[in-house]
Amino acid sequence: MHFYNEVKEAKILGIDFRNSLKPPYRWSDWGNKNGKQRNKLTEGTIGSYFDFINTELIPHLKSLRKLPRATSRQKVISEIMSGVDRVRIDTEKNFLDICDKIDEITNDNVDDTHIFTLSQIYEGLLLKMGEKGNDGGQFFTPREVIRAMVKTINPKVGETVYDPCCGTGGFLVQSYVYMLEKAKNKADDLHTLKHDTFFGREKENLIYPITLANMILHGIEQPAIWHGNTLTGNETFGGLFSSTSSKYDVILTNPPFGGKEGKEAQTNFAYKTGATQILFLQHVIDSLKDKGRCGIVIDEGVLFRSNENAFVQTKRKLLEECNVYCIVSLPQGVFTVAGAGVKANIIFFEKGSKTNKIWYYDLSDIKVGKRTPFTIDRFDDFFLLLPKRTDSDRSWSVDRKTIEENEFDLKAVNPNRKVEEDTRTPEELIALIEEKQREINEALKILK
């Protein structure tokens, strides 16, 4: 991974180089301690530096996308800054100290480890947002779940990867990291991965610039992220979304749990419902290329609900148009640290052939909490059994006929799980309670 060098890339591609920024709006002008603009303002009237940042620099960066013939890089800068109105640091001195620290990190002699650390810090901040149960949580999928999904789908260089509700970009970023490690022809593959591979959509105004920043920090230099409502098609900004196709090789996603959509969103889908996740599931199926592969996180209600036509019809569509080869039942607590306590499952499928049998893998009995985090080693046995869809204490298969007889109930119910029964009689339980009460009474006497 390396810092983006527009000059070097333009030379390789044989195109004219255009600066994204001109003086005095470049970092070297106002951020670097030797910058002419910085020194001019800090040596002048008190408050001049902050005034420049708030009234000139930020508005200029936000307006870059409106320039005639704006480059992709200018559009990205503009969109990252779209949610910024002013500096949030309390004093100029503190702000300048931060600039100096950043300038040290971004010197030419920086190595890959620093960039990796920056991206990890960024992800850590997003996780903290989720732990507090605020807006960040609904967009944060635990990284161990993402890594397992990416490994299962196994995206390859040359394939397009899409997330229709990408949040902070976790699936796209992890796919990039995974594909980068497997790239063979480094020069061509690197350009493909950084410019022509990853596509996403995000609705939330506050999350959209965070998505772009996250992808840039990880090395995706031209993130094709569409800003708007995927389900209605209402666009806020589509200048970075350069795809000429609505079909993708790979889809990795985690649609919002429990959302409700109005009539405007429902008109675009064959099976109409207010349930956000059902509409997204239809969108995902329709957005896959033939032989395209998908890994999608779905709340458990989608799997077992059969009391609404759209749920049944969408699941029938899924099984008819795609081969659902695996469903993983996740533990209850996996999404709690990200602000959601809903029981969830992962569905893996390939488009182009119908489902005849589904292989299930059960992780639902694992206890997950802040002191017992869910780690990717929990998938070790899953990856071992997946190639042959082998039965075990945690895995089993269900055929299409059984699913249809159960009105398309896809819920994972492990037939191999041993249920521990309490065989003690009522008399034995009463005796136990009385014994414990005697112990409590003795302890109270000692305390008195």
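The values are calculated or read from the model by the stated rules, or taken from the named source; none is laboratory data. Not measured: the values here are computed from a predicted model. Here the Cβ is made from the backbone with ideal geometry for all residues, glycine too, and neighbour counts use every protein chain on show.
Annotations for the structure displayed:
- Residue match in the stretch 419-427 (condition: modelled with pLDDT of 90 or more and among the hydroxyl-bearing types (S, T, Y)): no
- Output for the stretch 199-229, where each listed residue is among the small types (G, A, S), at pLDDT below 90 and farther than 15 Å from K75 by Cα: G219
- Selection from the stretch 406-433 of residues that are of a type outside the set (A, V, I, L, M) and surrounded by 10 or more Cβ atoms within 10 Å (Cβ to Cβ): N406, E407, F408, D409, K411, N414, N416, R417, R424, E428
- Evaluated against (1) part of a helix (DSSP H, G or I); (2) without any contact (Cβ under 8 Å) to a residue 40 or more places away in the chain, G200 falls short on exactly one condition, (1).
- Scanning the stretch 362-372 for residues being under 17 Å from I146 (Cβ atoms) and touching a residue at least 40 places away in the same chain (Cβ under 8 Å) gives a total of 0.
- Residues satisfying the stated conditions in the stretch 293-311, i.e. under 16 Å from K354 (Cα atoms) and surrounded by fewer than 23 Cβ atoms within 10 Å (Cβ to Cβ): none
- Those residues of the stretch 352-408 which are polar (S, T, N, Q) and in a helix (DSSP H, G or I), in sequence order: T402
- The strands (runs of 3 or more DSSP E) located wholly in the stretch 230-326 that include 2 or more residues which are over 25 Å from K401 (Cα atoms) and modelled with pLDDT of 95 or more occupy 248-253, 288-299.
- Filter pass, L212 being under 13 Å from the mean Cα position of the chain (by Cα) and part of a helix (DSSP H, G or I): yes
- Number of residues in the stretch 7-54 that are outside any helix (DSSP H, G or I), at pLDDT 85 or above and aromatic (F, W, Y) equals 1.
- Only one of the numbered conditions (1) under 31 Å from the mean Cα position of the chain (by Cα); (2) modelled with pLDDT of 85 or more is violated by Y4, and that is (2).
- Scan of the stretch 177-200 for residues that are of a type outside the set (A, V, I, L, M, F, W, C) and crowded, with 24+ Cβ neighbours inside 10 Å, ordered by number: T197, G200
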